[in-house]
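Quick notes on the structure that follows.
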Amino acid sequence: MFILGADLNKCNENYPDEIHEILQNFELVKRSNSDKNCIEIPIPECIRELEGYKEQIENSEKYSGLKVVRGKVHIPIVIIRDLYSKVINEIKRTIYSLVKEDPISVIILVGGFSESNLIFESLKGFYQDIQILRPHESGLSILKGAVMYGFQHLQISGRDSKSCSVTVCDS
């Protein structure tokens, strides 16, 4: 919500918990269903106290289509898809380069971003010949693995790349 610029920075300095809450709400949106026309995020009180906040949000040149209704900003799903398109395309390119060298039949998504339906549906549509799996609570997989490694590191035979956000496995 850098639409508000310096005012948002003041809110962050004076009310960091409220800004943290809006970031948490956006994190939940990232993982939510992409079949809605828009998503709604509650606007923190510190922002609602700013003079003209509604107009600044609704008149955004960069994000046209934002609406403020009853203390929530309504963001068209088109904007959300656009925000993540660069990351999704990079994930597709990375997988493609791996699959090109060594064909696979299954992709298992793990980590927080794997819970995003935008990622999941995009990969399913792009890789129709490959089964895309997303285990229940896939976002906790990395955390659970780190805890297991911390307590039982001798039982873990190896670790994959720290920066890998998509794990590619043979069937």
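Values for this structure:
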read-out: Sequence-distant residues sharing a close amide H with GLN131 (under 5 Å, placed H); value: VAL106, ILE107
read-out: Other-chain or far-sequence residues with amide H under 5 Å of LYS67's (modelled H); value: HIS74
read-out: In Å², nearest 10: area of TYR149 left accessible to a 1.4 Å probe; value: 80 Å²
read-out: Probe 1.4 Å, accessible area per residue of region 9-74, Å²; value: 69 Å²
read-out: For ARG70, net neighbour charge (Lys/Arg +1, Asp/Glu -1) across residues whose Cβ lies under 12 Å away; value: +3
read-out: Environment charge of ASN89, counting only residues whose C-beta is closer than 12 Å and scoring Lys/Arg +1, Asp/Glu -1; value: +2
read-out: Förster radius 30 Å - calculated FRET efficiency between ILE79 and GLN128, Cβ distance, rounded to 0.05; value: 0.65
read-out: For region 79-90, 3J(HN,Hα) per residue [Karplus equation, 6.51 cos²θ - 1.76 cosθ + 1.60, θ = phi - 60°, Hz, x = Gly/Pro]; value: 5, 4, 4, 5, 4, 9, 4, 5, 5, 4, 5, 5
read-out: Rounded to the nearest 10 Å², the accessible area of GLU137 at probe 1.4 Å; value: 90 Å²
read-out: Cut-off under 5 Å, modelled amide H: who pairs with CYS38 long-range; value: ILE77
read-out: Exceeding the 27 Å Cα-Cα cut-off - candidates LYS10/LYS54; LYS36/LYS72; LYS10/LYS86; LYS36/LYS124; LYS67/LYS124; value: LYS10/LYS86; LYS67/LYS124
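The values are calculated or read from the model by the stated rules, or taken from the named source; none is laboratory data. Because the structure is a prediction, the values reported are computed rather than measured. Cβ atoms come from the backbone with ideal geometry, glycine included; neighbour counts cover every protein chain shown. Surface accessibility is based on the protein's heavy atoms, side chains included, excluding ligands, DNA and RNA. Shrake-Rupley method; radii C 1.70, N 1.55, O 1.52, S 1.80 Å.
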